[in-house]
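Every read-out reported here was derived from the displayed coordinates using simple, explicitly stated rules and does not represent laboratory data. Model, not experiment: these values are computed from the prediction. Note that we place each Cβ from the backbone using ideal geometry, even for glycine, and neighbour counts take in every protein chain shown.
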Amino acid sequence: MTRIIILGGVGVFLISLLLTPVVLAACYRFRLFDLPGARKVHRGERPRLGGLAIFVGSFLGILFIATSLEGISLNLQQLIAFLLGAVLFFALGLADDVRGLPAGVKLPLQIVFALGVAVWGVRIDTLFGTVALPLALSLTITVIWIVGIVNAINFIDGLDGLAAGISTIALLAILVISMSRTDYFFALIALVIVAALLGFLPYNFFPARIFLGDGGALLLGYYLATLSILGFFKQTAIIAFVLPILVLSIPIADTTLAIVRRLLRGQSPARADMKHIHHRLLLVFSRRARMQAHRNGRALDALTQELVRGQAHRNAVLWLWGLSTLFALAATYLGTRPPA
């Protein structure tokens, strides 16, 4: 077990850490950038295929664990479905990063991919581990959960390091809870994904040299959705239903508010805007930083404005990381408590 932890964790971390600069250079070579715009907070061109390094590192790590660990928690069909789903969701996001795909194409494909994964056995088939669900209901709930979490992570990927950091925190909670239940397979999967993220985050935190991209965001959303299905929903306790929602509370709340806000305005739920939680926090911290600069007698010249912007950006991300950590700690406490 120790050998698997060291080789898997360290190996995946190094793959991600060393591969990210290669991907960054390739983005400059082929001009694969996320361009600034009215609904973007960054300035200038930014490479956008950072998810590729996470995908390669985590996928190789999961294969290593599946072939090295005895008595894994999935049968062969479920394992293939889990891995194939990761490939498909990442490929869809990658295609969007490179070519650009309309929501009318992406959402139906996400539904098809999620349905395929569910049909092959990665699904919510019971409530509280005891109440069996009819197949049609099981498939429907699973598809809604996977597509919902995938898009929740994609929606919250609006500030440097935000989605990657929140995903890391959620995966650490999954890791600890899985370890407490002696489910070492899912704990090790969470470990290698965290290792891939830790190798990527030094390049992604403000000021980001490379973005996660839709490929990385969809991949992380898929990992979080399916790991919670396989590791949480099958537990025989009411709290099992609460844990995945608690772990992913920030992206779930942000997505729910965005959908409700747009529907109340008669807009499509897929329509992008600048009113997500992170956008509002960025505005709050920007105002505070400007007021502080005025109090200190500093004129808001170009340099000061850039410093204010950077401080607000980092504060918004760190604040949301901290809030996510509190929810993750609450989930970890509830998930590791012995049965009453």
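Which shape class, rounded, prolate or oblate, goes with region 1-110 when its Cα gyration tensor gives a ≥ b ≥ c as root eigenvalues, a/c under 1.5 marks rounded, and past that a/b bigger than b/c marks prolate?
Values: a/c = 3.31, a/b = 1.56, b/c = 2.13.
Note, shape of region 1-110 comes out oblate.
The Cα center of region 46-75 and the Cα center of region 143-174 differ in position by 17 Å.
If the segment from T2 to L35 were pulled out straight at 0.36 nm per residue, it would be longer than the present Cα-Cα gap by 7.5 nm.
Per the Debye calculation on the chain with a single equal scatterer at every Cα and no solvent contribution, log₁₀ I(q)/I(0) for q = 0.14, 0.15 Å⁻¹ amounts to -1.15, -1.31. Here the chain is assigned +1 on the Cβ of each Lys and Arg and -1 on the Cβ of each Asp and Glu. Its dipole about the Cα centre then comes out at about 1140 debye.
Compare the peptides 164-172, 253-261, 104-112 by average per-residue count of other Cβ atoms within 10 angstrom and give them in order, highest first.
Values: 164-172: 25.6, 253-261: 16.3, 104-112: 14.7.
Per-residue mean Cβ counts within 10 Å order the peptides as 164-172, 253-261, 104-112.
May I ask you to derive the FRET efficiency for A136 and R181 from their Cβ-Cβ distance with R0 = 35 Å, giving the value to the nearest 0.05?
Values: r = 30 Å, r/R0 = 0.85.
With R0 = 35 Å, the Cβ-Cβ based efficiency is 0.75.
Sorted largest first, the spans of the alpha carbon positions of region 120-210 along the three principal axes are 49, 30, 20 Å. Each principal axis of the Cα atoms in region 60-204 has its own extent, and those three values, largest first, are 41, 36, 26 angstrom.
Estimate the FRET efficiency between I80 and L264 by the formula 1/(1 + (r/R0)^6), using the beta-carbon distance for r and 51 Å for R0, to the nearest 0.05. Present the calculation step by step, with values, prior to reporting the outcome.
Numbers: r = 42 Å, r/R0 = 0.83.
So the FRET efficiency works out to roughly 0.75.
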